[in-house]
Amino acid sequence: MGVHIDRHLANLALVGFMGTGKTSVGRLVAENLHFDFLDTDELIQNSTGRSIADIFSRDGEPAFRALERRVVEEIAAKKNTVISTGGGLPTNPENLAKLKTHALVVCLWASPEKIWERVRNQSHRPLLHDADPQKKIRELLATREPFYRQADVLVNTDLRSPREVAQQIALQFKLANRDKR
Ligand code: S3P
């Protein structure tokens, strides 16, 4: 079992659609590995002093994507860190390539139905402020699937608790590092 990666794996990055559990799973993986935890949306909010929704509504999505690219550059210097990323971040191939220079990139996958179940009672995601959010989820997920598939590891979260997903990922990370020695 385990993925064979020739790169140096200082960090572990979680990518995947909104509502796949990147933040909750990421915190658990960090605990398990005794790593620090950070979240790219949180870094953007801290550095700008603004909410993601405010950046989207006043400056537009391209401005947000530019901030995301900057954060991706900044975190490349981290060590022993679990990095949870915004759902759209890996749709820029340069972001994904940069993450792969220092991290094992794990994608959390979920069906559109599960995603809807998890996000329907939350309101902080501007991309889901849509007349038909379920349709928007299906469409965005289909467009992004080819990007998410570029991750080193893909984990389906539909039928697993965050704790189970986190354990599986921590194990994959340990195996991937061990395989290289
Ligand atoms: C986005 C996902 C969000 C956040 C922003 C855009 C996306 O992060 O970065 O609202 O494009 O899918 P989460 O995946 O943490 O919700």
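The values are calculated or read from the model by the stated rules, or taken from the named source; none is laboratory data. This one's a predicted model, so the numbers in the text were calculated from it and none came from an experiment. In this analysis, Cβ positions are derived from the backbone assuming ideal geometry, glycine residues included, and neighbour counts consider all displayed protein chains.
In table form, for the structure just shown:
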read-out: Segment 127-173: number of residues that are over 22 Å from G60 (Cβ atoms) and in a loop (DSSP other than H, G, I, E, B); value: 9
read-out: Tally of residues being within 16 Å of G19 (Cβ to Cβ), of a type outside the set (A, V, I, L, M) and buried (at least 22 other Cβ atoms within 10 Å of the Cβ) across segment 88-123; value: 2
read-out: Selected residue (criterion: farthest from the chain's Cα centre (by Cα)) from residues of segment 18-59 that are part of a loop (DSSP other than H, G, I, E, B) and surrounded by fewer than 14 Cβ atoms within 10 Å (Cβ to Cβ); value: G49
read-out: Residue tally, condition under 18 Å from L141 (Cβ atoms) and not in a strand (DSSP E or B), over segment 101-116; value: 7
read-out: Filtered residue count, segment 155-172, keeping only those that are away from the ligand (no atom under 16 Å from the Cβ) and touching a Phe, Trp or Tyr at 6+ places or on another chain (Cβ under 9 Å); value: 2
read-out: Neighbours by Cβ (under 8 Å, 6+ apart or cross-chain): first from segment 65-79, under 15 Å from A13 (Cβ atoms); second modelled with pLDDT of 95 or more and among the basic types (K, R); value: V72/K98; E73/K98; A76/K98
read-out: The listed residue being modelled with pLDDT of 95 or more, away from the ligand (no atom under 15 Å from the Cβ) and touching an Asp or Glu at 6+ places or on another chain (Cβ under 9 Å), out of K100, K114; value: K100
